[in-house]
Amino acid sequence: MSAMLSRSAENIYWMGRYLERAANLCRSLFVAEQLTVEIRGLAPEQAVDFWSGFQHVFPDSTTTEAFTDVDEARMFGLHSYLLGTNNTLSVVSSIHNARENARVIREYLTREVFEQINECWLHLDAGLRGEERPDTLLGQVQEAVFGIGGATSRTLIRDEAWTFLDLGVMLERVYRVLLLLRHHIPLLIRTPSDVDIPVHHAVLRAVLRSAGSLENYRRVQGVELTPQSVAGFLMFNTQTPHSVAFGAAHMQTDLLEIERDGVLTESARLVGRMVSQIRYEEQELLGRHDFAAVCGGLATEVAHIHESLTRLYFTV
Amino acid sequence: MADRFLNPICGTDVGIADICPPVGLPVMTLAWKAAEKGYDEALVENDAARGLYRSAIDTLGGLDDDEVRRRERLQQVSLVNQGITFTVYGGEEGAERIFPFDFVPRIIGSDEWASLEAGLIQRVTALNLFLEDVYGDQRCLRAGVVPFDLALSRSDFRRELVGTRPRHGIFTHIAGIDLLRDEQGGFLVLEDNCRCPSGVSYVLENRNLLSRVFPEIFAKYGVRPVDLYPQMLLDVLKFAAPRGRERPSVAVLTPGLSNSAYFEHSFLAREMGVPLVEGRDLIVENDQVSMRTTRGRQRVDVLYRRVDDEFIDPVVFNSTSLLGVPGLIHAWRAGNVTIANAPGAGVADDKSIYPYMPDIVKFFLDEDPLLGQVHTWIGRRPDEAKYIREHLSELVVKLTDGAGGYGMLVGPSATREEIARFAEAFDADPGAYIAQPLVEFSSHPTWMGDEFAPRRVDMRPFVLYGESIRVLPGGLTRVAMEEGSYVVNSSQGGGSKDTWVLAEELVP
């Protein structure tokens, strides 16, 4: 196949976004579960805060709830973000949408990729019918999502379809990491000095694990754990696959792959600007007091990149 | 000798035998029962296997019922995981269903297939000559072979296309001819499908599935492969490309995800390595068809369309269609794009043209038909309409433009109320119906979850018309899953089987 159909490019891009979103949510729910076990006896309000963070990182109009009780917050988080069919960002909605997109562009996928997506959906379908407990289901789905990633990276041909898939994955990843940082880092920075250090560290570790980066952080940064170093790592490290810098650089490479006739497209220009900002303005960005605004501004940039891709490639 | 590529840390070498342990000594626990009525494809009266089936039945009979159930579960899981589905209309809108698969293969010997193949080639040749004539000189109409008014009044006759001749004169590049066996075991044509015959993806997937789940059944047979179909189809489509297009660009045109055969559209596009497009992906400018791609518009030369004529071009046909491409027919008439099958081909498979097929074969080829067909009464003939009306309870009555088992009455198994309701519809427009006797068509052993039982089967071989006419060795065998049922359609709960054509006339 030569150039892709615009509609198929859009489908595969969205499939990537939905799969990444599902993977991200599964991991974050898992982390929230473990953090709750760890700190509920010591600082229940921080456990509640962490669960409430879902509404900021995955904001959906149907999920604006305020909680004070850990169990209520946990049950709501699990049900709304795992099996919430009304929540457009939930795992079940994301996998359902990924599968619908996969069905439409099945000719671009290998049998292995489609089977893995389908299998993941079947787990969730069983969950919707009440055949599995949410915690068991979460484990199964997380494994299945990893299976999809494995099948994708091991079997798909690296053509234009792959590039759009990767763009979707990276854009979604960068966007959610920015929202994760925007919500959690300012809270952690503001934490008073008499803070319970073990709890504080547990929450920082949970932030890193939500972004799939705890072990990578340890290898690079060692044992030191501060909100600033966590933010710096997840924002600027170019080697860890869930950082903003890594994702933006990947998007830049992807866009170079599909650039039209060597002309710098609007999307490529926007991504290029973001990459430069991250590469050359690290200290300035980190040093600013309004870190939330920095993350928010970059997230808006990501939204513009998405709009530009849609204009340029999907609505020809 | 130690395997040099074995990871020394992981150590143990797990072989296929550990994953799928060998079956123990054969235990004949499962009985086979021949059909009480009609021809049994695999068994004779005393429940003994016919020659071709001996090895397959011995192999399956050698498995105990637990093992058969285990394999059946594997098969189900595989179907579900692979999403081998069709979409059901009505009721639960857009619901995906698994097409039930029965693992007992249907086996056809090479000699029988050779004569069947010759008959199919003859029939598809005649169908195409008829189409070329109907939209051309209309010699066969003038000669009275088919009544003028009958042919020209069919809803699938496209007046707008009279005078057009597709490249090489081929209208129906892909045909599916539905066959059944009568009580004597001879094949009869039940109907022709010249528009968008579906089902071939299941032929390929069934073979794939059976060879994975029951590989040992194949051991003593030389089964002709079916996986060459996508290449055969692509060759046919390229052959049909507009003149002067050396490297034609081919696409499959689908109505979209909610179409019942979407799985197949996607499957064929994937297997041929061509894009699967919808109407909204295409644009016609200056009588050239292009698709919208990420690098701008790219020309399309051949469309394997799976969209009915009615919806293919809102400028010429149904003006409300959102599935089609405005201007497509004009581009086709200008010779800038090939549409396969050609628009207007549906007139040849209209159920009221079917009774004339033996005469059509004779007229165009000056040969006797090699394939028989089922006697048919035509509702538009007053005396035959009267006969149909008086014998509704004994006949199978069908709408001439119906498909998929809809708008059909199976008189002998219908209730009094169903017959009365159908009679009302028939009286309102007898010309819209044809009727046939209930053929006691053949049965085939089928696994019903705890036993092998006879179930009725038909068969749809696929015939491709390109540089020459070729028949895929096999076809879609559909099976009625209900005891005593004559309805094999997937939309009505039917299933399918792998159909084997043997390479040599070898009795294993």
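Odds and ends about this structure:
- Of all residues in segment B:129-186, those that are under 29 Å from B:Leu233 (Cβ atoms) and of a type in the set (Lys, Arg) total 5.
- Qualifying residue in segment B:472-494 (condition: assigned to a helix (DSSP H, G or I) and in contact with a strand residue (DSSP E or B) (Cβ under 9 Å, 6 or more places away or on another chain)): yes
- Within segment B:131-144, being surrounded by 18 or more Cβ atoms within 10 Å (Cβ to Cβ) and part of a loop (DSSP other than H, G, I, E, B) holds for one residue alone: B:Tyr135.
- For B:Arg280, the requirement of being within 14 Å of chain A (Cβ to nearest Cβ) and either touching a strand residue (DSSP E or B) at 6+ places or on another chain (Cβ under 7 Å) or outside any helix (DSSP H, G or I) (or both) is not met.
- Checking each residue of segment B:179-200 against the condition of being part of a helix (DSSP H, G or I) and modelled with pLDDT of 95 or more gives at least one match.
- Residue match in segment A:39-49 (condition: crowded, with 20+ Cβ neighbours inside 10 Å and under 19 Å from the mean Cα position of the chain (by Cα)): no
- Identity of the residue in segment B:251-277, among the small types (Gly, Ala, Ser) and outside any loop (DSSP other than H, G, I, E, B), that ends up farthest from the other protein chains (Cβ to nearest Cβ): B:Ala251
- Qualifying residue in segment B:150-164 (condition: hydroxyl-bearing (Ser, Thr, Tyr), part of a loop (DSSP other than H, G, I, E, B) and over 15 Å from B:Ser352 (Cα atoms)): yes
- Taking segment A:94-136 as the range and being surrounded by fewer than 18 Cβ atoms within 10 Å (Cβ to Cβ), within 12 Å of chain B (Cβ to nearest Cβ) and part of a loop (DSSP other than H, G, I, E, B) as the test, only A:Thr110 passes.
- Residue in segment A:298-316 that is in a loop (DSSP other than H, G, I, E, B), within 22 Å of B:Thr293 (Cβ to Cβ) and at pLDDT below 90 present: yes
- Residues that are among the charged types (D, E, K, R) and either at pLDDT 95 or above or surrounded by fewer than 18 Cβ atoms within 10 Å (Cβ to Cβ) (or both) within segment A:246-260 comprise A:Glu257, A:Glu259, A:Arg260, listed in sequence order.
- Test: residue in segment B:233-249 that is in a strand (DSSP E or B), within 20 Å of A:Ala9 (Cβ to Cβ) and within 14 Å of chain A (Cβ to nearest Cβ): no
- Residue among A:Arg111, A:Arg106 that alone is touching a strand residue (DSSP E or B) at 6+ places or on another chain (Cβ under 9 Å) and free of Cβ contacts under 8 Å to residues at least 12 places away in the same chain: A:Arg106
- For segment B:437-456, taking the residues that are of a type in the set (Gly, Ala, Ser) and in a loop (DSSP other than H, G, I, E, B), the one that is farthest from B:Leu74 (Cα to Cα) is identified as B:Ser442.
Conditions tested, residue by residue: (1) touching a His at 6+ places or on another chain (Cβ under 6 Å); (2) acidic (Asp, Glu); (3) within 17 Å of A:Val177 (Cα to Cα).
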| site | (1), (2), (3) |
| --- | --- |
| A:Glu10 | no, yes, no |
| A:Thr36 | no, no, no |
| A:Ser52 | no, no, yes |
| A:Asp60 | no, yes, yes |
| A:Ala66 | no, no, no |
| A:His79 | no, no, no |
| A:Gly84 | no, no, no |
| A:Leu89 | no, no, yes |
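- Of all residues in segment A:4-21, those that are more than 14 Å from chain B (Cβ to nearest Cβ) have Cβ atoms under 9 Å from Cβ atoms of residues that are outside any helix (DSSP H, G or I) and hydrophobic (A, V, I, L, M, F, W, C), 6 or more apart or on another chain, in A:Arg21/A:Phe58; A:Arg21/A:Leu89.
- The one condition in (1) farther than 18 Å from A:Ala22 by Cβ; (2) surrounded by fewer than 22 Cβ atoms within 10 Å (Cβ to Cβ) that A:Gly84 fails to fulfil: (1)
- Checked against the criteria, B:Ile329 counts as away from every other protein chain (no Cβ under 14 Å), among the hydrophobic types (A, V, I, L, M, F, W, C), more than 18 Å from A:Ser8 (Cα to Cα) and not in a strand (DSSP E or B).
- Taking the listed residues B:Arg297, B:Arg292, the one that is outside any helix (DSSP H, G or I), within 14 Å of another protein chain (Cβ to nearest Cβ), in contact with a helix residue (DSSP H, G or I) (Cβ under 7 Å, 6 or more places away or on another chain) and of a type in the set (D, E, K, R) is B:Arg292, with no other qualifying.
- Among residues of segment A:280-316, those that are touching a residue at least 40 places away in the same chain (Cβ under 8 Å) and charged (D, E, K, R), counted: 2
- The sole residue among A:Gly168, A:Gly139 that is assigned to a helix (DSSP H, G or I), of a type outside the set (A, V, I, L, M, F, W, C) and away from chain B (no Cβ under 14 Å) is A:Gly139.
- Single unsatisfied condition, B:Leu268 versus (1) farther than 25 Å from A:Ser6 by Cα; (2) buried (at least 19 other Cβ atoms within 10 Å of the Cβ): (1)
- Any hit, segment B:308-316, residues being free of Cβ contacts under 8 Å to residues at least 12 places away in the same chain, away from chain A (no Cβ under 14 Å) and under 27 Å from the mean Cα position of the chain (by Cα): yes
- Flag for B:Phe422 being free of Cβ contacts under 8 Å to residues at least 40 places away in the same chain and either buried (at least 21 other Cβ atoms within 10 Å of the Cβ) or more than 30 Å from B:Ala42 (Cβ to Cβ) (or both): yes
- The residues on offer are A:Ser243, A:Ser229, and the sole one that is touching a Leu at 6+ places or on another chain (Cβ under 8 Å) and buried (at least 16 other Cβ atoms within 10 Å of the Cβ) is A:Ser243.
The values are calculated or read from the model by the stated rules, or taken from the named source; none is laboratory data. The model shown is predicted, which means the values in this text are computed figures rather than measured ones. Ideal geometry is used to build each Cβ from the backbone, glycine not excepted, and the neighbour counts take in all protein chains shown.
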